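Reading through the structure tokens given below for one structure.
Any read-out appearing in this document is the output of simple, stated calculations on the displayed coordinates, not a laboratory observation. In this text the structure is predicted, and so the values were computed from the model without any measurement. Every residue, glycine among them, receives a Cβ derived from its backbone with ideal geometry; neighbour counts consider all protein chains shown.
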Amino acid sequence: MKNKIIFFRLLGLENWLTTFNKMNNFTILRNVDTFDEIWFVEHYPIFTQGQMKKKENINFIHNIPIVNSDRGGQITYHGPGQQILYFLINLKRRKINIRQLIDIMEKTVIETLKNFSIKGHVRKKLPGVYVNKKKICSLGLRIKKGSTLHGLALNVNMDLTPFNYINPCGDINIKMTQIKCFHPNIQLKDIRIVLIEKLSKILDVVMINGEYYQNN
């Protein structure tokens, strides 16, 4: 039955470090009886460097803090108006591997974009989702105790300017876009509803409403 239930939690706008610590503590303390969860959150402006990024001895870029993360990938930006999903999933119990989870994440985003008449696609050896050769969604994961941490960041209705201060995902050729470019009045709540619907269908899970579908 635990494979048929995922708790979807809405965390609102949080400091990245707060969510990072909660996510790691959740994973350290989880056991065979712990339900999987997917957290929906926004972060205050911050650059995060993944494990593939050569760490630089700087603390800010244009007054935006830069921190090291234990996820895969390189540097990226998070800010208000970007919908982040953290996947706290027991891979063994769900009988999926990391590649399959990445495929699920990318498919979820592509199906969500399609709902808004936006054609998304993936690129070989470049995780994430792209629209018209620009990146709209970034992925970064880590596995600990057979379970995943971190997840995806979908650009919805945000200030994209800070992406110009870095090479997103370590690639000088990557340019970023967002759903707002196609739907100027889009809100995160509009996207969140569709993401939850698509995830529930793709993962074939029972969505928990009521008291579990609330802030922590």
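Each of D190, D171 was scored by other Cβ atoms within 10 Å of its Cβ. Listed from fewest to most, they are D171, D190. Annotation for I202 and I96: the two label points, set 7 Å from Cα along the Cα-Cβ direction, are 0.8 nm apart. Of the labelled figures (i) 19.2; (ii) 18.3; (iii) 17.5, only one reflects Kirkwood radius over Cα pairs in Å as derived from the coordinates, namely (iii).
Normalise the Debye intensity by I(0) for the range 104-216, one equal point scatterer per Cα, no solvent, then take log10 at q = 0.14, 0.16, 0.17, 0.20 Å⁻¹ and round to two decimals. Debye output, listed in q order: -0.64, -0.83, -0.93, -1.22. Residues S147, S200 in ascending order of nearby Cβ atoms (within 10 Å, fewest first): S200, S147. Taking Lys and Arg as +1 and Asp and Glu as -1, the other residues whose beta-carbon sits under 10 Å from that of E37 total +1.
Counting neighbouring beta carbons within 10 Å and listing from fewest to most, the residues I179, I28, I96 come out as I28, I96, I179.
Looking at the range 2-212, send over the antiparallel percent of its DSSP beta bridges, to the nearest 5.
Working: 30 of 44 bridges.
Once the DSSP bridges in the range 2-212 are tallied, antiparallel ones form about 70 percent.
Going down the table (K92/K119; K145/K189; K95/K144), which pairs top 24 Å between alpha carbons? Present the calculation step by step, with values, prior to reporting the outcome.
Working: K92/K119 32 Å; K145/K189 32 Å; K95/K144 16 Å.
Cα-Cα > 24 Å for K92/K119; K145/K189; rest within.
Calculated FRET efficiency, K119 to D190, Cβ-Cβ distance, R0 = 22 Å: about 0.75 to the nearest 0.05.
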